[in-house]
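The values are calculated or read from the model by the stated rules, or taken from the named source; none is laboratory data. Since this is a predicted model, take the numbers as computed values, not measurements. Virtual Cβ from ideal backbone geometry, glycine too; neighbours counted across all protein chains shown.
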């Protein structure tokens, strides 16, 4: 089971994700959340502290979100990855697209 909560600020939204994003319903909810947030702001910080696993479809959702926010002149930033998720991002070369931040505060400095 996954949980997604967001906290809105003036120029960005922090999206807190929890759980394992492995099922198609979970990834569909994630995509819907990205779309909804993109209508509010063009900057998002995605906090993955509560996530232990992402499948390839969920990684695709992150790529789509990145394109969506960049198209509007914004950024999609990722933070609080476990060592396992950092390894996944490195193996899949997603570190060439996303800069990984240690905390929400560090990601905020990049906005």
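Here is how the numbers come out for the structure above:
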quantity	calculated
Residue tally, condition over 11 Å from the mean Cα position of the chain (by Cα) and surrounded by fewer than 16 Cβ atoms within 10 Å (Cβ to Cβ), over region 61-84	8
Subset of region 1-26 that is touching a helix residue (DSSP H, G or I) at 6+ places or on another chain (Cβ under 6 Å) and modelled with pLDDT under 95 - its residue that is surrounded by the most Cβ atoms within 10 Å (Cβ to Cβ)	21
Failed criterion for residue 6 (all others in (1) within 13 Å of the chain's Cα centre (by Cα); (2) under 20 Å from residue 94 (Cβ atoms) hold)	(2)
